[in-house]
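Q: Dropping a structure here in C-alpha cells format, bear with me for questions.
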Amino acid sequence: MNITEMQQKILELKKEKDFCILAHVYENREIVEIADYIGDSFGLSQQAAKAPNKNILMCGVRFMAETVKLLSPDKNVYLSNPVAGCPMAEQLDVELLRELKKQKPDHTVVAYINTTAELKTECDVCVTSASALEIVRKIDNDKIIFIPDINLGQFVQANIPEKSFKFFHGGCPTHAKMTKKDVEAARAAHPDALFLVHPECTPAVTEGADFVGSTTGIMNFAKKSEAKEFIIGTENSIVTHLQFDCPDKRFYPLSKDCVCNNMRVTTLPDVLACLNGEGEEITLSPEVMEKAKGCIDEMLRLG
Ligand code: 13P
Ligand code: SF4
C-alpha cells in the first residue's frame, strides 16, 4: 500500500469502527491529514470529550492520551504508538514531588499539562502553555511550586513578578536545544521576519521575541499577521504545517535541530494496526482518575 492508499484505508476503518482520531500538531503531515481533530494536547482532550465516537485514537505522546482518558472516562482511549512518551512528563516522580511539597507546605503546586496522570494526583492545578499566565494570576496564593518545566515557569515568573516561585529543574529537551546564537543567526539571515517562539525555550531565546506562546498561539498569530516572513521557534513540524496553510508566506525554522523524535515515532502503519485492534488501550486506576481529574477541573474553574 502506498501512503494515499493507507490513508484511504484508515479513513474507511475509523468510520466502520467508530473511532475519532486526534493528532497533536507536532505529528507528521501524513498523520495530521487523517485526523478528525488537530491541535494542542488540551484542545484535543476537549474535542475528544465532545466527539460522539466510542473509541478515541491519540496520535501524540502518552501524557496526551492520559489527559484524553481523564476527560472521557467512558470512552476507549488508545495511544497510536506505545513507545511515544514525553521525556519532560516523566522527569519528576511522585516521591520527589511529595518531598518538595513537604519542604514548602504553604505553596500551591502548579503542573504543566505535560506531566503523567500519576504526577497530577499530587498537584493542585494544571496549566497549558496557552493558559499558564491566566491561571497562575488567578491562583489565590502568591507562593507557587511550578513543575516540571523551568523555562515555562520562568516565563510565567517574568510576567507575574508579584508571586514567588519554586522550580524543579526540568524541561523539554527538544526546545532546550535552541540557543541565543540560533536566534542571532536566524535574525541576521531573515531580517524582515517576525520571530515567534514557544515558552518551553530558555529565557535567553524567548527574550526579545515578537510573540511567545503555545503551538496554537504561534499558528494563529502567523495566520492572522500582515507580515510575510516568520522564524519559528518550536518543533519544526509547525514550519511545515504553516507553509501548507499559508503558501503566500515564508516560514523558517529557528534551528534544524528542533525535532521531537517522540512526536515523529507514530506512523500510518501504527494507526492502521490500532484500528485493527492491536493498539494499547489507556487504563488508569479509579484513584488516579479521580485525583488527576481534580487538578484539571481546577484549571477549568480558574480559566
Ligand atoms: P502546546 O501544543 O500545548 O503548545 O505544547 C507543546 C508541546 O511541547 C507539547 O508536547
Ligand atoms: Fe515532550 Fe518536548 Fe516532545 Fe513536547 S516537544 S512531547 S514537551 S519532548
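The values are calculated or read from the model by the stated rules, or taken from the named source; none is laboratory data. The structure presented is a predicted model; accordingly, all values stated were derived computationally and were not measured. Counting neighbours? That spans all protein chains shown, and the Cβs are built from the backbone with ideal geometry, glycine included. When the accessible area is computed, the model is the full protein with side chains, heavy atoms only, and any ligands, DNA or RNA have been set aside. Shrake-Rupley method; radii C 1.70, N 1.55, O 1.52, S 1.80 Å.
Q: Only residues that are out of contact with any Leu (no Cβ under 7 Å at 6 or more places or on another chain) and part of a helix (DSSP H, G or I): list them for the range 32-45, please.
A: The answer is VAL32, SER41, PHE42, GLY43.
Q: Further question: Of the residues ALA209, ALA273, only one is more than 16 Å from ligand 2 (Cβ to nearest atom), within 20 Å of ILE34 (Cα to Cα) and open to solvent by 20 Å² or more (accessible area, probe 1.4 Å); which?
A: ALA273 is the lone residue from the list that is more than 16 Å from ligand 2 (Cβ to nearest atom), within 20 Å of ILE34 (Cα to Cα) and open to solvent by 20 Å² or more (accessible area, probe 1.4 Å).
Q: What number of residues within the range 251-285 are under 24 Å from MET1 (Cα atoms), touching a residue at least 40 places away in the same chain (Cβ under 8 Å) and away from ligand 1 (no atom under 14 Å from the Cβ)?
A: 11
Q: Taking LYS69 and the conditions (1) charged (D, E, K, R); (2) under 22 Å from ALA89 (Cα atoms); (3) touching a Cys at 6+ places or on another chain (Cβ under 7 Å); (4) more than 16 Å from ligand 2 (Cβ to nearest atom), which numbered condition does it fall short on, given that it satisfies the others?
A: (3)
Q: Please specify each residue of the range 121-152 satisfying the condition of being in a helix (DSSP H, G or I) and in contact with a Pro (Cβ under 9 Å, 6 or more places away or on another chain).
A: ALA132, ASN151, LEU152
Q: Given LYS224, LYS256, which one is within 16 Å of ligand 2 (Cβ to nearest atom) and open to solvent by 40 Å² or more (accessible area, probe 1.4 Å)?
A: Result of the check over LYS224, LYS256: LYS256.
Q: Same structure, new question: Could you please let me know if TYR78 is hydroxyl-bearing (Ser, Thr, Tyr), touching a strand residue (DSSP E or B) at 6+ places or on another chain (Cβ under 6 Å) and open to solvent by 30 Å² or more (accessible area, probe 1.4 Å)?
A: Against the criterion (hydroxyl-bearing (Ser, Thr, Tyr), touching a strand residue (DSSP E or B) at 6+ places or on another chain (Cβ under 6 Å) and open to solvent by 30 Å² or more (accessible area, probe 1.4 Å)), TYR78 qualifies.
Q: Could you please find all residues in the range 48-61 being farther than 17 Å from THR128 by Cβ, open to solvent by 10 Å² or more (accessible area, probe 1.4 Å) and either under 18 Å from the mean Cα position of the chain (by Cα) or polar (S, T, N, Q) (or both)?
A: ASN53, ASN55
Q: When you check THR216 against the structure, is it open to solvent by 30 Å² or more (accessible area, probe 1.4 Å) and farther than 20 Å from TYR112 by Cα, yes or no?
A: no
Q: Could you tell me which residue of the range 62-75 is surrounded by the fewest Cβ atoms within 10 Å (Cβ to Cβ), considering only residues that are of a type outside the set (Lys, Arg), away from ligand 1 (no atom under 12 Å from the Cβ) and in contact (Cβ under 8 Å) with a residue 60 or more places away in the chain?
A: PRO73
Q: Could I ask something else about it? Condition first: touching a Phe, Trp or Tyr at 6+ places or on another chain (Cβ under 9 Å) and either buried (at least 21 other Cβ atoms within 10 Å of the Cβ) or within 22 Å of ILE232 (Cβ to Cβ) (or both). Now tell me which residues in the range 11-31 satisfy that.
A: Selection gives PHE19, CYS20, ILE21, LEU22, ALA23, ARG29.
Q: Within the range 108-120, track down each residue that is open to solvent by less than 30 Å² (accessible area, probe 1.4 Å) and assigned to a loop (DSSP other than H, G, I, E, B).
A: Of everything in the range 108-120, those that are open to solvent by less than 30 Å² (accessible area, probe 1.4 Å) and assigned to a loop (DSSP other than H, G, I, E, B) turn out to be ILE113, ASN114, THR115.
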